[in-house]
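The values are calculated or read from the model by the stated rules, or taken from the named source; none is laboratory data. These figures come from a predicted structure and were not determined experimentally. As a convention, Cβ positions derive from the backbone with ideal geometry for all residues, glycine included, and neighbour counts pool all protein chains shown. Only protein heavy atoms, including side chains, enter the accessible area calculation; ligands, DNA and RNA are left aside. Shrake-Rupley method; radii C 1.70, N 1.55, O 1.52, S 1.80 Å.
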Amino acid sequence: MNQIRTIEAVPSSKGTATAARIGIGGPVGSGKTALIERLIPVLAGRGVDLAVVTNDLVTKEDAERLRRSGLIDPERVSAVEAGACPHTVIREDPTLNIAAGDVLESRFPGLELLILESGGDNLASTFSLDLVDWWMFVIDVAGGDDIPRKRGPGVLRCDLLVVNKTDLAPHVGVDLDSMLFEARSVRGDKPVLATNARSGQGVEAVVDAICRAVLFAP
Amino acid sequence: MRLIDRILGRRDDTEIAHRLHHLEHHHAVDILTIPSGDVARRRLRATTLGGEEVAVALPRDQTLFDGAVLVLDEAHALVVRVGEQHWLRLVARDKADALELGYHAGNLHWRVRFDGEALLVALDGPVDDYLVRLGALATEGRVSHSIVDPVQAH
């Protein structure tokens, strides 16, 4: 029988059915892997037991980058090669990613959070909820301040939109406040956060959002 | 916060229905409304109609459904109600336009159902967001549209 339990912080979510699975998608070069490199130590610092599945087109480049980073046990990083359009393995047929997640969960029984990084894709990329419980979409300032206005499904439907590389705004002629305003306008009441994955600015807020949404932190 | 880590059964299971009937007399059956677009989520936090905050964390081989019973004890029950799915009904003017409509629906990865000569598209956002994607098909009246009453869609 489901019982009332006091969930005060992330570690108390241990013992729930399975690890939470979150997706991180977005265009090529928007900073998905760099953001994950920032998320890992912050999540670990909050006591979250995690693992990562990366997706690349025909290589294991992102997985190798994370394994070499020293931020995470290399055994906790798994790679999926999409072999075709990256969205096919996170939406149309996510079997490979589901299987990769299942392997990591069986190998690490205390796992609380599984991060699935999509290969770089276009603005139409979305995650299947068969694969993840919650997903974020990462765009970046240098990609152009018109990206939110283009109303791509990835931008509109994700649970959290992250606008990365905020430090580059003055160098690429982008009015960051205006870009964030437009992003919030097209997303209604869904959240938007700004980050600079290079410096770590804004990363704590992203971790707060993850922990609240799927690890049930206060 | 109440943690829900499994589905106990269906509200129309004989034994469960009997117990729910008893609790309903005592106004002790709470409802968790889940938007149709979120029903596939295994993990989510939500607030019941009765105002209780719950955390749902189901095993990966379980999904919520309309009538899923999440709590059932002597004094209280919690039952899932899935929000109604609205559908956009599209009818092409002729076969050539129908072919083009089919292409767009597939290319845009819309969730669709077939209803005779009409294509039903599951609405996960404003209608205009869908029509604008059809471009000239919609603006030139080569495809007509209407919103389907959720009851009729069943």
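Applying the selection to region B:80-95, what residues are under 27 Å from B:A40 (Cβ atoms) and touching a helix residue (DSSP H, G or I) at 6+ places or on another chain (Cβ under 7 Å)? Within region B:80-95, B:V82, B:G83, B:E84, B:Q85, B:H86, B:W87, B:L88, B:L90 qualify.
Considering the conditions (1) open to solvent by less than 20 Å² (accessible area, probe 1.4 Å); (2) under 22 Å from A:D177 (Cβ atoms); (3) within 12 Å of chain B (Cβ to nearest Cβ), A:G144 is excluded by exactly one of them, (3).
Got a sec? Which strands (runs of 3 or more DSSP E) wholly within region B:55-133 have at least 1 residues that are closer than 30 Å to B:H22 by Cβ and either over 19 Å from the mean Cα position of the chain (by Cα) or more than 12 Å from chain A (Cβ to nearest Cβ) (or both)?
On the way: elements: B:68-72, B:77-82, B:87-92, B:112-115, B:118-122.
In region B:55-133, the matching strands (runs of 3 or more DSSP E) lie at B:68-72, B:77-82.
The condition of being over 19 Å from B:S36 (Cβ atoms) and open to solvent by less than 80 Å² (accessible area, probe 1.4 Å) holds for only one of B:A105, B:A98, that being B:A98.
For the condition part of a helix (DSSP H, G or I), more than 14 Å from chain B (Cβ to nearest Cβ) and modelled with pLDDT under 95, what is the one hit in A:L66, A:L35?
Numbers: A:L35 fails: modelled with pLDDT under 95.
Within the list A:L66, A:L35, the selection yields A:L66.
Screening B:R42 on (1) loosely packed, with under 14 Cβ neighbours inside 10 Å; (2) of a type outside the set (A, V, I, L, M, F, W, C); (3) facing chain A (nearest Cβ under 9 Å) shows it passes everything except condition (1). One residue alone among A:R157, A:R187 is under 30 Å from A:A84 (Cβ atoms), within 14 Å of another protein chain (Cβ to nearest Cβ) and open to solvent by less than 20 Å² (accessible area, probe 1.4 Å), and that residue is A:R187.
Going by the structure shown, is A:K150 in contact with a strand residue (DSSP E or B) (Cβ under 7 Å, 6 or more places away or on another chain), open to solvent by 50 Å² or more (accessible area, probe 1.4 Å) and of a type in the set (D, E, K, R)? Judged against the criteria, A:K150 is not a match. Check whether at least one residue in region A:69-86 is open to solvent by 30 Å² or more (accessible area, probe 1.4 Å), polar (S, T, N, Q) and part of a helix (DSSP H, G or I), and report yes or no. There is no residue in region A:69-86 that is open to solvent by 30 Å² or more (accessible area, probe 1.4 Å), polar (S, T, N, Q) and part of a helix (DSSP H, G or I).
Among the residues of region B:3-39, those that are within 9 Å of another protein chain (Cβ to nearest Cβ), over 13 Å from B:L72 (Cβ atoms) and among the charged types (D, E, K, R) comprise B:D5, B:D38.
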